[in-house]
Structure formats: C-alpha cells, structure tokens
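What follows is calculated from the coordinates using simple rules that are stated; it is not laboratory data. Values in this document were obtained by computation on a predicted structure and should not be read as measured data. Positions of Cβ are backbone-derived with ideal geometry, glycine not excepted, and every protein chain shown enters the neighbour counts.
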Amino acid sequence: VMSVAAMKDMLMLPENRPAIRLLMRSTMAMAGIPIAVYYFFFNTVLGPKGWYDMSDDFNWRVNYSGFAAITAVQGVIGWHITAAFRQDNADMAREAQIKAQLKAARALTPTHAPSKKDS
C-alpha cells in the first residue's frame, strides 16, 4: 500500500503533470457533460414545446434522457482514451528526437583523443 506522502511525491513529478492534467479534465468532463446532456434532453429536446414533445409520458422522457447521458459518458471515455494515446505518441516522439540529438552529438565528438604515446 502506497503512503500519502509517496503518492504526493509521485504526483508532483514534472513528468507526471500532463497525465494528472488530463485526468482532472476527464474527471470534470465525466461529471459535467452527462448531467448537462441529461437536462438538455429532458427539458429542451423532449420537454413541453421541445423538438419531440414527450411531456405527457414522464417515464419515457426520463429513459431517453438517461440514454443520451450514457452516450455522452461513452463519448467522454472515447475522448480520454484518444487524448491519452496522443499524449503518449507526443512523448515518444519527443524522446526519439532527444535520443537522435544525443546520437548526433556523440557522432561529432571524437571517440579517441590522441595521447602522448601516439606522437
């Protein structure tokens, strides 16, 4: 079991900040977007004078609004996965660029410095 101090230290590492930022955005989206979609469907799309007036059938109105909210959750999950893969790809590309620069720098430096014995 990880201690609270160890978790805090891990979260404060600079290389973990992009992942934590993505997690926080996804958490906020997971909470806010489905609720907003539910009430949008319940009041605007399916409500009285809505696009599809289902105000006389409360149960179906709640069900369809809930289905729309569940679909929104799936969209947020898909967005999170896509963003995480893109973040990993960007990190890998950055690491590959750094490795290539180091390899080029090593190729420019002499591997054998002349010593007094060579002269």
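For the chain, the longest principal axis of the C-alpha atoms and the axis of helix 17-39 are separated by about 10°.
Using a 10 angstrom Cβ neighbour count of at most 13 plus a DSSP loop assignment to flag exposed chymotrypsin sites (Phe, Trp or Tyr not before Pro), which longest range of the chain is free of such sites? Mind dumping the intermediate values first?
Values: sites that count: TRP51, TYR52.
Excluding the exposed sites themselves, the longest stretch runs over 53-119.
As a calculated quantity, the FRET efficiency between MET12 and TRP51 at R0 = 41 Å, using C-beta atoms, amounts to about 0.25. The modelled label-to-label distance for the pair SER3/ILE98, using points 7 Å beyond Cα in the direction of Cβ, is 2.9 nm.
Starting from 0.36 nm per residue, how many nanometres of slack lie between ALA31 and THR44 once their C-alpha separation is accounted for? Write down the numbers at each step before the final one.
Numbers: separation 13, 0.36 × 13 = 4.68 nm, distance 2.01 nm.
Gain in length upon complete extension: 2.7 nm.
The computed Cα Rg over 2.2 N^0.38 Å for the structure shown corresponds, within [x] 1.11; [y] 2.01; [z] 1.30, to [y].
The distance between label points at ARG106 and ARG21 comes to 3.1 nm (points 7 Å beyond Cα on the Cα→Cβ vector). The modelled label-to-label distance between ILE77 and ALA90, using points 7 Å beyond Cα along the C-beta direction, is 2.5 nm.
Grab the DSSP H runs of the chain that are 4 residues or longer, score each as -39,500 (n - 2.57), total them, divide by all residues and round the 222 nm result to the nearest 500 deg cm²/dmol. The partial results should precede the final answer.
Details: 3 runs with 83 residues, N = 119.
Taken over the chain, the calculation gives -25000 deg cm²/dmol.
Between the helical axis of 58-108 and the longest alpha-carbon principal axis of the chain there is an angle of about 10 degrees.
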